[in-house]
Protein chains: 2
Amino acid sequence: MAFELTREFVAYIEEAAENRDDAFIRESLNELYPADIANLLVGMDDDQAKYVLEVLGRETGAEVISNLDPYMRTDFLATKFTSEEIAGFIGFIESDDAADILNEQPGKIREEVIALLENREKARHIIDLLHYEEDTAGGLMAKELVKCNLNWTVVQCVDEIRRQAQQVEKVNSVYVVDEKGILKGRVSLKKIVLSRASNRVADIYDDEVMSVELHQSAEEVADIMRRYDLDSVPVVNVNGKLMGRITIDDVVDVITELAERERQAMSGLSGNAEEDEESIWLSVKARLPWLLIGMIGGLLAARFVGIFENDLIAVVPALAAFIPLIGGTGGNVGIQSSSVILQSLANRSVFEISTLERLMKVLVIAVFNGVILGLIVFAFNYALGAELRLSLVVSIALISVVLLASFMGTVTPLVLDKFGINPAVASGPFITTANDLLGLTIYFLTAKLLYSL
Amino acid sequence: MAFELTREFVAYIEEAAENRDDAFIRESLNELYPADIANLLVGMDDDQAKYVLEVLGRETGAEVISNLDPYMRTDFLATKFTSEEIAGFIGFIESDDAADILNEQPGKIREEVIALLENREKARHIIDLLHYEEDTAGGLMAKELVKCNLNWTVVQCVDEIRRQAQQVEKVNSVYVVDEKGILKGRVSLKKIVLSRASNRVADIYDDEVMSVELHQSAEEVADIMRRYDLDSVPVVNVNGKLMGRITIDDVVDVITELAERERQAMSGLSGNAEEDEESIWLSVKARLPWLLIGMIGGLLAARFVGIFENDLIAVVPALAAFIPLIGGTGGNVGIQSSSVILQSLANRSVFEISTLERLMKVLVIAVFNGVILGLIVFAFNYALGAELRLSLVVSIALISVVLLASFMGTVTPLVLDKFGINPAVASGPFITTANDLLGLTIYFLTAKLLYSL
């Protein structure tokens, strides 16, 4: 069962840390997973959190540090630990997480820790990984993996697993390479368990292994692993040489983060995830840009409506009352349409219906929705004694707005995507503002037309 | 490298199927993964797709069927295959996927196929799985797994893996149970490979295994697997008896689907994912409900603005021009605030700051953003020669709207969540409409006040 952290438990452990009650700390945390202990530390005073890590020892401590929220970890490590202490933990952390942790630290600490690492192979691995962009296969991969040569026997393979067992936590497959280190295939551990010791790797390996290249984006990697149900994937360089492996847990984080970023884009938040702990200024900065764009749109709308100020609104002030209805409907329809397109862009296939067919379908749906809304609004206005001409203007404008906003909501993400801009922003304030303006234009042009008849 | 499907390739395979060129089909598809062949079939005529499956044989065919989009699969199986043929494929599919596939079929076909299954153990597994709700651990799990008894030796364990090898595709751990089938722990395959054959399971197994219960929601399972970096998790009943296992690939699908549903809720789409192939009527039905709610909001706004028609708008028609600015800003600020809250609800921890602290922070941010926007708009209006009083009304209303929309955007998701309603809907049309109304109220009250001075 998953562990539920309570404030009381945190208080007990804090007290034990204060009293240097090592036995109590060890006993209480013995049954917990590193991820749970990491959660616990977030709630504790930094000095006492450090004491708990010391009590747990370097190996468990390293796992806890890997699970800490980067937001807490960066300062916690930099302020409470010496570079020697950090290096002690890093020795027990796989290279991909180690590189991520060191990447958070200032250059000086990073260099000191790498210089202090006892395991020089790991130091080389980390230096190597620091070169890759965070959002690429190279940035996601770990260097630790078990590989064996095509010419080996199963027993040599098992020896290699034994040699690497300390370094590589999860082994589900052994990668098969040739003399030059070129990836040739894989053997599952299941197959190794079931093979005779004298079998040759060449006879039992699977030569159809899916791999990704160093430069491929994290998103592509996530896509491939999801599509082919992989729990790990080897990473190769342009020559096909085996460079590392990516495990599914890292990709699950990528998928979660991508969904989060998309939601932020839709909500008009820029920059990274806003956290409770973040400063006011960062929050203002995340929110302001889109509000400014919305404001510019609103001011444009004001200039535009201003044109009709004297000859329409002053004469028929009731026209003003329906501005929110028209604008709001345009915004809602636009967001719905762009959301549907976003979804089909995400599940892109060569067999998707053509843009023209899609537009036709969108417009048919829009006619239905528009007419239904238009009729209801007309009935409502007429029943409440609004002038016939005004009721007509509002309903005709409403139907037109639904049609045009559907069209815009469909086309905008497609165009953004063509130009390589993340189309998720099209569901955000930008399209809402555009549809607002569009709706008002149609509304006042209709009014102008019908009132000048 | 991932395979890129082209229309040309589909045409070649279609032609080969038409000409019954089995050799060409086999050779062309030999290098492809089942997921790629499934994609290929989607683009083909159903009869020819069936022919391709026949050429590939039952085992590969079964994998392809598992990878087919349920939307195509349901009709394809029901119309093109006999129950005998379906049973032939199901024999090669793991119980969780088999249950999902049969669940899509009408009751008659489902029962026939189960009755026709040669492997009666699998038939029992499937019948068992059909009882569980789709969105629970029971609905996600497969019955196929390798388990061994606490008292066995490693060699007995390997024999059991060999016995189950045909049924269980991916084996990364062996689950350890006692005589009553109660889950006691697990042994990784890595450990089995590295142990002496005479070792007892009791001496090498890991007794701290994370498990989930049958009734736990798919979301909880996804959360646990993500938090603890698991690539599979055993499922137990209330008595702790081992019932099945869930692998990470199924959970990756759950995570993707949850993100998709949330985005739909934000966009004001109801019901399931809209697909290109879906009927016009389903699309109308998915979109209309939220548009109607938006419409009611718009009509309410119209009634409300109507109150000020004669004494304010008729006198100062320029007031109408700023309705979109005020409403739009309220909507944008509301969505941003609710999105931030949604995020912290998703990453809930016991250490989150209190609601009061959070509200204070939100309001401070709102003051900043509101004042910045208000000043810019004031400068703009004043520069363009708007009346001083009007410029004041607009800017004061704008600041108030930003404050109130921030407050509403923060409180609404928290309240919805308290009442067990998915708070993601708070980012959708509902809150936009509410903020629209709120903004207009503030705007006209401010105007009323300043113009009556």
Let me have the relative contact order for the range B:147-257, percent, based on Cα pairs under 8 Å that are six or more residues apart. 24 percent
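Do you know the relative contact order of chain A, to the nearest whole percent, from alpha carbon pairs under 8 angstrom that are 6+ apart?
11 percent
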Cut-off under 13 Å on the C-alpha distance; same-chain residues fewer than 8 positions from A:Lys190 excluded. Which aspartates and glutamates are left, in chain and number order? A:Asp206, B:Asp159, B:Glu160, B:Glu169
Suppose R0 equals 51 Å; then what is the FRET efficiency for A:Arg58 and B:Glu134 from their Cβ-Cβ distance, rounded to the nearest 0.05? 0.70
For the range A:181-227, run through the GluC sites (Glu not before Pro) and keep only the ones in DSSP coil with at most 15 other Cβ atoms within 10 Å of their Cβ. A:Glu208
Rounded to the nearest 10 degrees, what's the angle between the helix B:7-18 long axis and the longest principal axis of chain B, both from Cα atoms, 0 to 90? 40 degrees
Taking the Cα centre of the range B:112-195 as origin, work out the dipole magnitude from +1 charges on Lys and Arg Cβ and -1 charges on Asp and Glu Cβ, in debye rounded to 20. 520 debye
Treating the beta-carbon of each Lys and Arg as +1 and of each Asp and Glu as -1, no other charges, what is the dipole magnitude of the range B:1-134 about its Cα centre, to the nearest 20 debye? 360 debye
Additional length obtainable on full extension of the chain from B:Leu282 to B:Leu345, 0.36 nm per residue less Cα span: 19.5 nm
Where the Cα atoms of the range B:168-224 are projected onto their three principal axes, how long is each span, largest first, in whole Å? 40, 25, 21
Given the DSSP H assignment, sum -39500 (n - 2.57) over each helix run of at least 4 residues in the protein assembly as shown and divide by its residue total; what's the result at 222 nm in deg cm²/dmol, nearest 500? -20500 deg cm²/dmol
Using the Cα atoms of chain A to build a convex hull, what is its mean projected area in square nanometres? 30.4 nm²
Taking a threshold of 22 Å on the Cα-Cα distance, which of the pairs A:Lys191/B:Lys184; A:Lys191/B:Lys50; A:Lys285/A:Lys418; A:Lys108/A:Lys170; A:Lys147/B:Lys147; A:Lys170/A:Lys191 fall above it? A:Lys191/B:Lys184; A:Lys191/B:Lys50; A:Lys285/A:Lys418; A:Lys108/A:Lys170; A:Lys147/B:Lys147
Can you tell me the dipole magnitude for the protein assembly as shown around its Cα centre, using point charges on the Cβ only (Lys, Arg +1; Asp, Glu -1), in Debye to the nearest 20? 1860 debye
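No value in this document is a laboratory result; all are computed from the given coordinates. Bear in mind the structure is a predicted one, so any value in this text is a computation, not a measurement. Cβ atoms come from the backbone with ideal geometry, glycine included; neighbour counts cover every protein chain shown.
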